1. Quick check on packing: order 276-289, 248-261, 216-229 by the mean number of other C-beta atoms within 10 Å, highest mean leading.
2. As a test of the formula, what do you get for the chain when each DSSP H run with n ≥ 4 contributes -39,500 (n - 2.57) and the sum is divided by the residue count, at 222 nm and rounded to the nearest 500 deg cm²/dmol?
3. Which shape class applies to the chain: rounded if a/c is under 1.5, otherwise prolate when a/b exceeds b/c and oblate if not, where a ≥ b ≥ c are the square roots of the Cα gyration tensor eigenvalues?
4. When ranked by the protection proxy of mean other Cβ atoms within 10 Å per residue, highest first, what sequence do the peptides 26-32, 195-201 form?
5. Tell me, what is the FRET efficiency for residue 19 and residue 208 to the nearest 0.05, using R0 = 41 angstrom and their Cβ-Cβ distance as r?
6. Normalising by the residue count of the chain, find the relative contact order in percent from Cα pairs under 8 Å and 6+ residues apart.
7. I need the P(r) histogram for the stretch 186-342: all alpha carbon pairs, bin width 10 Å from 0 out to the longest distance, whole percents.
8. Hey, what's the per residue convex hull volume over the C-alpha atoms of the stretch 107-261, in cubic angstrom?
Ligand SMILES: O=C(O)CCC(=O)C(=O)O
Ligand SMILES: [Fe+2]
């Protein structure tokens, strides 16, 4: 446990229907996390997706492993409990990773190694309704995310469409995650502390779920974990490293983690990562002087490495680290690429 732990309390609420740009900018500068309402994502669809995800996770392990990500050079499909790493330590969750349905690239351009991430999803035959539900839900989440992106651009004094070109053909990622209850004997890590690597994350946690924590930091730079309880019907939103880079650190990509739920319970969540296309680079926002004065500069990733403005590099670096089994099987050659070492 971190030295500083605080009881669960609420983050500010942002209403996307009636967006207060000053409030949006301030909360993203100061905390980097908020609850979102007015998002327009159909609650019945969300509930149905969660229920269908639970049907999938309840399948026999052997059935789920028919779509294990070890069958996907694009890191799509199912990750078994214990199959993922954050900061080198094992995470205690199982998940399905879903991206845009694309054709795999035959001849990857060595200057654009992230092309290895383009490809098809792996869908469970036994739960055929998952595909349509997940893709429809992702489309709705993407609409909400793009409205937020325009809000941030406007709130920083740039034209609302400042980032639009980078999101013309985006590469979002939906993780459907389940954290099994755990008695702490193997690990205390549901998912370890990290910043998200894309532009922004819309997270839907089930209303009763516990264990999500945000590092709001102590004045002397130490960790201070704030437990965040879900508000029914709301999403939790945070920005990722790309928006931190694009604003010289004015907007904050904040470290967060999930603790395993108590033994005998579990937690299902839908983190949706809205990202530009892999090839795209987010343009740097020319901040007005009063905001530029408060920009702290860009931090490093959780390994002390460089944050990249080009999403493909950030994404590939994080996928290679998080899923060593897929990396080992298909992408050993990429580990030697100088651009991915930093
Ligand atoms: O499942 C959650 O609640 C959060 C997961 C998360 O932070 C992530 O996958 O990046
Ligand atoms: Fe995250």
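1. Values: 276-289: 16.7, 248-261: 21.9, 216-229: 14.5.
Taking the mean over residues of other Cβ atoms within 10 Å, the ranking is 248-261, 276-289, 216-229.
2. So the helix-based figure for the chain works out to -7500 deg cm²/dmol.
3. Taking the square roots of the gyration eigenvalues as a ≥ b ≥ c, the chain is rounded.
4. Values: 26-32: 19.4, 195-201: 25.7.
In descending order of packing, they fall as 195-201, 26-32.
5. On the way: r = 29 Å, r/R0 = 0.70.
That pair, residue 19 with residue 208, gives E of 0.90.
6. 23 percent
7. Going out from 0 Å in 10 Å bins, the stretch 186-342 shows 10, 33, 36, 18, 3, 0 percent.
8. 195 Å³
Every number here is computed from the coordinates shown, using simple stated rules; none is lab data. Source: prediction; values computed, not measured. Using ideal geometry, Cβ is built from the backbone for each residue, glycine included, and neighbour counts are taken over all protein chains shown.
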